[in-house]
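Here is the structure we will look at.
Just so it is clear, none of the values below were taken in a lab; they were calculated from the coordinates. Keep in mind that what you see is a predicted model, and the values were worked out from it rather than measured. Positions of Cβ are backbone-derived with ideal geometry, glycine not excepted, and every protein chain shown enters the neighbour counts.
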Amino acid sequence: MRTPVVVIGAGQAGLAMSHQLSASGIDHVVLERGEVAQSWRTERWDSLRLLTPNWMSRLPGHTYQGDDPDGFMASAEVVELLSAYRRVCSAPVLTQTTVERVRARATGFDVVTDQGAWQTDVVVVATGACSEPHVPAIAAGLPPDIEQVTALQYRNPEQLGVGEVLVVGASASGAQIAEELARSGRRVTLAVGEHVRVPRIYRGLDIHWWMDAIGQLDERSEELDDINRARRVPSLQLVGSPERRTLDLNALTAADVSVVGKLMRVVGSTAQFTGAVANLVATADLKQNRLLDRIDEYARQHGLDGIGEPNRPEPTRLGDVPTELSLSPFTTVVWATGYRPTYPWLDAAAFDRRKRVVHDGGVGAIPGLYFLGLPFMRRRKSSFIDGVGPDATELVEHLRSRLGRRCA
């Protein structure tokens, strides 16, 4: 079978690319290992909601039409959104089709799947950035009677055995899981590393409204001095809840979550944590206030001073934080330490020596190979539902020029 473009993945990134390819009259196929929005169906915990408000669920040819623009979609609602989007844009998706190998050749690619092979000029990898949880090597040193669960495997408190829980990682996933476990009656300790603190609501509006307004979400990758560092910045310490509450370390300690520093090592039955947690929270507070300063300045310049009160969140207050804990009370460790994209079916030439894909704004190292939906790929919001559309539009232009040259 032959087609000019093969798109791998039928989540928001793959469907957005399909829409833009169709709009440009480019034949293509979208290959999906499961169903449309597969990761939203099978790889999210039960209570998860989007961190971005519904009005930000913008895709090419689609804007939110519901009656709760300031609410936050649950996973099942995201599945409904993307399934409907697939039907509206008539995306040529082949479900239950697992890619086994993408092999570059002189005139394009062979894409081998469990349902047959495709020959194509261009491959767009749109499988997202959360295909594999990152579990640090320190996990191997935990006592064998402690159950280890990743954020990708976690579903609800009832899933875990009795006993205390250590949640490692205090970005969006870790903070939300720690709070949920504490509210269920569990004793929870949260190991805090680098994190990004923001209020859910500031001056009466969602923090994403302000970040969108001031242009922060559209900041371009080429504008930054260290784009690799920006791509590793943790997700915002946020939760999407009907009451639009703020979730930070102050809120977690108020919910009886104990806080320690970053987990550094395990020695026998003792866990050791960094003593620099005060510096980590001070840095997070400082960066939060810099963002709020920028918002206040934007409000002054645009006549928005009358919108809400500029009430700043209280500084983070932790008190005495231990640097060692006995692991004997703990029966479970939840690893909320981030994710890594994995592409076992790609040629080695697509990666650097650290096994990371090489790309320039989504244009891969192998001619004709593209990526979509990765963190800060072209702009700060590249990995958001709201960000895949603008990135897809720009990649299609590059892709069209390549197809045009090949035809010529």
Subject >> Positive-pole candidate from Thr127, Gly163, Val260, dipole of the chain, charges at beta carbon >> reply: Thr127
Subject >> Gain upon complete extension [Arg103, Gln301; 0.36 nm per residue less C-alpha separation] >> reply: 66.0 nm
**OP:** Return the FRET efficiency for the residue pair Thr95, Arg232: r is the Cβ-Cβ distance, R0 is 30 Å, and the value is rounded to the nearest 0.05.
**Re:** 0.35
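In cubic angstrom, how much convex hull volume per residue do the alpha carbon atoms of the chain span? Write out the running numbers ahead of the final one.
Working: hull volume 63.3 nm³, N = 408.
Each residue corresponds to 155 Å³ of Cα convex hull volume.
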Subject >> Stretch gain in nm, segment Asn156-Ala213, where the contour uses 0.36 nm per residue and the Cα spacing is subtracted >> reply: 17.0 nm
Subject >> Charge-dipole axis of the chain as Lys and Arg at +1 and Asp and Glu at -1 on Cβ define it, positive-most pick from Thr98, Leu399, Gly373 >> reply: Leu399
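Give me the tail of P(r) for the stretch 193-249 as a percent: Cα-Cα pairs with distance above 16 Å. Walk me through the numbers before you get to the answer.
Values: 877 of 1596 pairs.
Everything past 16 Å amounts to 55 percent.
By its C-alpha gyration tensor, with a ≥ b ≥ c as the square roots of the eigenvalues, how is the stretch 26-165 shaped: rounded for a/c under 1.5, else prolate for a/b larger than b/c, else oblate? Could you put the intermediate results ahead of the total?
On the way: a/c = 2.69, a/b = 1.25, b/c = 2.15.
Here the stretch 26-165 falls in the oblate category.
Multiply the residue separation of His134 and Ala76 by 0.36 nm, subtract the distance between their alpha-carbon atoms, and state the gained length in nm to one decimal.
Values: separation 58, 0.36 × 58 = 20.88 nm, distance 2.49 nm.
Extending this stretch completely gives an extra 18.4 nm.
Determine the relative contact order of the chain: mean sequence separation of Cα pairs under 8 Å and six or more apart, normalised by residue count, in whole percent.
Details: 795 pairs, mean separation 92.6, N = 408.
Reported relative contact order: 23 percent.
Take the Cα gyration tensor of the stretch 134-335, multiply each eigenvalue by 5, square-root it, and list the three semi-axes largest first, rounded to whole angstrom. Don't skip to the answer; put the middle values down first.
Values: eigenvalues 224, 66, 47 Å².
Here the semi-axes work out to 33, 18, 15 Å.
Apply the a/c threshold of 1.5 to the C-alpha gyration tensor of the stretch 121-203 and tell me whether it is rounded, prolate or oblate. The partial results should precede the final answer.
Details: a/c = 1.95, a/b = 1.25, b/c = 1.56.
Oblate.
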**OP:** Compute the acute angle (0 to 90°) between the alpha-carbon long axis of helix 12-23 and the principal axis of greatest extent of the alpha-carbon atoms of the chain; round to the nearest 10°.
**Re:** 30 degrees
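Which whole-number percent is the relative contact order of the stretch 1-119 (Cα, under 8 Å, 6+ apart)?
On the way: 189 pairs, mean separation 35.0, N = 119.
Result for the stretch 1-119 is 29 percent.
Which order results if His62, His208 are arranged by neighbouring Cβ count within 10 Å, fewest first? It would help to have the intermediate numbers written out before the result.
Details: His62 19, His208 22.
Ranking His62, His208 by Cβ neighbours within 10 Å, fewest first, gives His62, His208.
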Subject >> Nitroxide proxy distance, nm - points 7 Å out along Cα→Cβ at Arg402 and Asn279 >> reply: 4.3 nm
Original post:
What is the helix-to-structure angle for 172-183, meaning the angle in degrees between its Cα long axis and the longest Cα principal axis of the chain, kept from 0 to 90 and rounded to the nearest 10?
Top reply: 40 degrees
**OP:** Mind putting a number on the dipole of the chain about its Cα centre? Charges go on the C-beta only, +1 for Lys and Arg and -1 for Asp and Glu, and I need it in Debye to the nearest 20.
**Re:** 1000 debye
Original post:
Using alpha-carbon positions, what is the distance between the centroids of the stretch 165-215 and the stretch 313-383, in Å?
Top reply: 17 Å
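Sort Asp206, Asp114, Asp70 by Cβ crowding within 10 Å, fewest neighbours at the top. Provide the component values of the computation, followed by the final result.
Working: Asp206 22, Asp114 10, Asp70 13.
Going from least to most buried by this count: Asp114, Asp70, Asp206.
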